[in-house]
Structure formats: structure tokens, C-alpha cells
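Chemist: Let me give you the structure first, and then I'll get to my questions.
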Amino acid sequence: MKKNEEPFQMKGKGMAAAIAICFIAVVALVGAYTFSSYKREMKEQLAKAEEEQKEKEQSEAANTDRIVLPEQEEAAQNPDGEEQQEEGEATEHAKETPAQTDAGAEQTAAEGTAAYFSEEDTLLWPVDGNVIMNYSMDQSIYFATLDQYKYNPAVVISGQVGAEVKAAAAGTVSAVDTNAQTGTTVSIDMGNGYAAIYGQLKEVPVQPGEYVTENSVIGYVSEPTKYYSVEGPNLYFQLLKDGQPVNPMDHIAYE
């Protein structure tokens, strides 16, 4: 019985060895194929990367060639730029010369009549009448029409309707406007930060920008606005220094 089993065992071992050899061979073949495929794929990828890098460098070189500096672009767009600029400056100078000449003449004329009112200067009495409401910015005073006490940044001078209102000092008319409180109002810039405001006027003969001399007529007393109906016809006369009200009575020339 043992003699028969021995050849079978030997035969089984031989088959197992053969199977093992075949498996190793298959693994080796698969490994070789896989490695060969990997090398080929890596070679293709490397070639592709080199080609992309080459194209990128060519593209960057082309873009660099297309870059134009601002001064180069300006010179290319306007090769005769200097000549055109000189012609333009000459034309512009020719256009501006008359205006500049006129402006210079106006400036010279203005300098000859420029007003300059100082703290020591005096004002003429602007209308024939008496003060019915004094300047008062340190305490309130009674406003009859409004029936209330208020500060008063001007003096209110009584006057007959149609009476002449004259410039208390020389200056340039800065505005002629109308508002509810003082009606038609003329503002005159007297220089050095001083300005005079004349309200409750009508038939104003002056215009903004016009220079007026001292004692020249700038309007006529009008009917009072609703803010001064009880007080009656009057001139609202205000003096400003740098935009702030000051007492005009401090500058009135008394005879």
C-alpha cells in the first residue's frame, strides 16, 4: 500500500511546483507589461509637458513684443504731436487774447474804483427818517407787528413811500433779491469784509456787479412787508463784517 501512494505523492508535488512556476511567470509577465506601459505613459506625458512649456514661452514672447509704452503709443498715434500742440497753443492764445485784454481792462477799471471800507470809516444816513427800531444783538426788543421780543441785527428807519434810498458808502452791488421779511433787498460789498444790506425797497435801478458811489440812489422806500405792517413804511438797514452783523450806528456820520 505504501509503495502505490509514493508515486502519487511525487506526482502531486511536481504539479504544485509547475503551478507555482506558472504563477510566477504570469506575475513576471504582467509586471513587465505594466512597467513598460508606465514608462511609455510617462514618456508621453513628459513630451506633452515640454510641448506645452514651449508654446507658453512662445506666447509670452509674442505678448512681450506687443507691449507698447504709453509714450510710444502716444507718439505712434500722433507723430506730429509737437507741431499740433504748438499750433493749438498758438490758436488758443489767439482766441484768448481779446478776452484777456478785455478782462485786463475791466480789472484795471475795477482797481480804480475798488471800495475799501475800514473800521474808522463812516456811513452816510441812507434815507430821510428816524430810527424806529434799534440794532440789538445783546438783548431782545419788541416787534410790534409780530407781537414778540426778538434780537434785531439791523436798524429800522422810518420813511415815506417813494422816498429815495441812497448808498451809505461806495461799493459793488453783490445781489438784488426779494424775500418775505425785507421785500426787495439790495446787498452792496464795500470791501474789507464789510457789506451793507438795504431792505423794503422798490424800483431798484442797480444790478449785481454794478459799482455804486457813496450817496447814489439805489432804490425807493416801498410799502412794508407783513413783518412790519404795524411799524409802517421803513428802510431795513444792516451792516455786516465778515458775514456777521455789527451796529451800523457806530459808523454813522453825525452832523
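Chemist: What is the calculated FRET efficiency for T213 to A144, with r their C-beta to C-beta distance and R₀ = 35 Å, to the nearest 0.05?
Modeler: Given R0 = 35 Å and the Cβ-Cβ separation, E is 0.50.
Chemist: In the neighborhood of L123, defined by Cβ-to-Cβ distances under 11 Å, what is the net charge if each Lys or Arg adds +1 and each Asp or Glu adds -1?
Modeler: In short, -2.
Chemist: Need one number: nm distance between label points at K202 and L124, each 7 Å from Cα along Cα→Cβ, rounded to one decimal.
Modeler: Between K202 and L124, the label points sit 2.4 nm apart.
Chemist: Can I ask one more? With respect to the cross-link table entries K150/K226; K166/K202; K202/K241, which display a Cα-Cα separation exceeding 21 Å?
Modeler: Beyond 21 Å: K202/K241.
Chemist: Can you send over the solvent-accessible area of E203, 1.4 Å probe, protein chains only, in Å² to the nearest 10?
Modeler: For E203, the solvent-accessible surface is approximately 130 Å².
Chemist: What is the sum of charges around S158, taking Lys and Arg as +1, Asp and Glu as -1, for the other residues whose C-beta is under 11 Å from the C-beta of S158?
Modeler: Result for the neighbourhood of S158: -2.
Chemist: Here's a follow-up. Could you work out the local net charge near L146, counting Lys and Arg as +1, Asp and Glu as -1, over the other residues with Cβ closer than 12 Å to its Cβ?
Modeler: Taking every other residue near L146 into account, the sum is 0.
Chemist: Still on this model: If you rank Y142, Y149 by how much accessible surface each has, with a 1.4 Å probe, what is the order from largest down?
Modeler: Ranked list, largest accessible area first: Y149, Y142.
Chemist: Would you tell me the accessible area of D121, worked out with a 1.4 angstrom probe on the heavy atoms of the protein chains, in Å² to the nearest 10?
Modeler: Accessible area, nearest 10 Å²: 60 Å².
The values are calculated or read from the model by the stated rules, or taken from the named source; none is laboratory data. Computed from a predicted model, the values in this text were never measured in an experiment. We place every Cβ from the backbone using ideal geometry, glycine too, and count neighbours over all the protein chains shown. Only protein heavy atoms, including side chains, enter the accessible area calculation; ligands, DNA and RNA are left aside. Shrake-Rupley method; radii C 1.70, N 1.55, O 1.52, S 1.80 Å.
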